[in-house]
1. Going by what's in this entry, would Val233 be described as over 30 Å from Gln129 (Cβ atoms), in a strand (DSSP E or B) and in contact (Cβ under 8 Å) with a residue 12 or more places away in the chain?
2. With the structure loaded, tell me whether Lys78 is part of a helix (DSSP H, G or I), at pLDDT 95 or above, away from the ligand (no atom under 13 Å from the Cβ) and basic (Lys, Arg) or whether it fails that test.
3. Filtering region 155-197 down to residues that are under 10 Å from the mean Cα position of the chain (by Cα) and surrounded by fewer than 18 Cβ atoms within 10 Å (Cβ to Cβ), which residue is farthest from the ligand (Cβ to nearest atom)?
4. What pairs come out if I take residues in region 56-80 that are among the acidic types (Asp, Glu) and pair them with residues that are assigned to a loop (DSSP other than H, G, I, E, B) whose C-beta lies under 7 Å away, six or more apart or interchain?
5. I want to confirm something. Restricting to region 1-60 and keeping residues that are within 16 Å of the ligand (Cβ to nearest atom) and part of a loop (DSSP other than H, G, I, E, B), which single residue is surrounded by the fewest Cβ atoms within 10 Å (Cβ to Cβ)?
6. For the subset of region 83-128 comprising residues that are within 13 Å of the ligand (Cβ to nearest atom) and in a strand (DSSP E or B), which member is surrounded by the most Cβ atoms within 10 Å (Cβ to Cβ)?
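The values are calculated or read from the model by the stated rules, or taken from the named source; none is laboratory data. From a predicted model like this one, the values you see are computed outputs, not experimental measurements. Don't worry about glycine lacking a Cβ; one is built from the backbone with ideal geometry, like all the others, and counts go over all protein chains shown.
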Amino acid sequence: MIGAIRPPAQQLVTVFGGSGFLGRFVVRALAKRGYRVLVATRRPDLANHLQPLGMVGQIHAIQANLRYPESVRHAVAKADHVINLVGILQESGPQSFGTLQAEAPQLIAEAAAPDARIIHVSAIGADAQSESLYARSKAEGEAGLFAARPDATVFRPSVLFGPGDGFFTRFAALARTLPVLPLAGADTRFQPVYAGDVAEAIAGAVDGTVPGGRVYELGGPQVQTLRTLVEYVLATTERRCVLVNLPWPVARMQGSVMGFLDRASLGLLPDDFVITRDQVTLLERDNVVSEAALREGRSFEGLGITPTAYEAIVPSYLVRFRKTGQFDLKRNAGPSAPPDLLAPESTGPDSNLQPGTASGPAIGQQASR
Ligand SMILES: NC(=O)c1ccc[n+]([C@@H]2O[C@H](COP(=O)([O-])OP(=O)(O)OC[C@H]3O[C@@H](n4cnc5c(N)ncnc54)[C@H](OP(=O)(O)O)[C@@H]3O)[C@@H](O)[C@H]2O)c1
């Protein structure tokens with residue numbers, strides 16, 4: 001196969017959705033391994049933030065839109081591997097679940113070279129029988145993909161977290177603005193998964209160390225209800241906000257009304273406030289890794305990846321939602337406060353600093369030469 005013959009620097013990976021939230025982590029993981037990366041996006045001019053993730057010339061952006069098959073064929077023409085991260089949470093105009101999530105995976109697979117590895121990101125909850133259009137379209141996308149390429153690799157993550165995510169950050173933003181936060185699906189269980197861990201699994205699939213022809217379900221080390229996770233956000237950001245569990249009929253009505261208002265305002269409502277009827281339907285089912293996936297090794301455990309707990313990462317990017325940001329930490333610091341890792345290292349008599357064993361010359365030594 002390609003991977004066995006040529007080193008990563010001579011292999012091109014096309015990443016649809018590389019400009020999105022998960023895309024940033026995937027592009028970084030691929031660049032670190034040395035692959036050449038082609039980010040296929042509708043707006044290549046807005047993908048410049050990806051360039052510093054690799055060496056000069058390693059990452060390029062190309063114009064492609066999954067609604068235009070010719071642009072897809074052009075984007076994969078020279079690719080040794082193709083990754084599809086494109087997904088939407090709600091439809092708007094021509095951006096439909098049918099085109100982007102149900103049909104595009106097969107289109108991409110058929111356009112790619114027959115020996116290219118195809119890696120696709122779906123979502124836990126993908127289900128052809130679901131009442132949710134999102135969940136059905138994800139399942140149809142997987143089916144179409146496997147019909148074209150039975151050896152493709154599919155990853156279904158639970159809710160993703162990391163700097164810039166749409167989950168913890170969204171609730172932190174809402175709690176900053178609202179005194180009362182109505183929660184649809186407060187008791188629904190989630191398994192938040194670090195985007196960096198999912199990117200490692202995807203990069204492993206490009207390397208060829210993840211067996212294809214399977215659907216992997218990826219979740220973090222903890223399963224928590226939505227209410228517990230939102231309470232964690234409130235505690236981390238030191239915000240007070242009354243959480244109200246919405247009964248399902250009220251939540252469904254809220255979804256219908258919000259969806260209507262969002263459409264009527266041509267999408268002008270702030271995204272953080274909008275929850276559609278389809279999203280409420282999704283919330284009616286737990287979003288956790290299935291027993292079958294765990295048993296059959298179609299999980300992080302099976303891939304030999306230890307998933308990261310959200311407590312290890314989330315506080316670092318929610319700190320800006322505190323009333324006085326990071327300065328709160330210093331102001332409230334008592335004798336038992338955790339060390340300030342950014343403070344200059346002490347050189348006092350009790351310090352562990354041993355200039356003699358340092359790898360470089362001490363500043364004083366260098367200056368005296
Ligand atoms: N975020 C989560 O918690 C979560 C959970 C489970 C599963 N997933 C799945 O993981 C994948 C990545 O999610 P994400 O959070 O990274 O999404 P995201 O940040 O919204 O990124 C979506 C990407 O899709 C691209 N895109 C949208 N419409 C397109 C079109 N017509 N043609 C080409 N590209 C298009 C966008 O690129 P441009 O706008 O630059 O073209 C963007 O890069 C999705 O499949 C999602 O369903 C996400």
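1. No.
2. no
3. Out of the qualifying residues, it is Pro163.
4. Asp80/Gln11; Asp80/Ala116
5. Arg43
6. The selected residue is Ile83.
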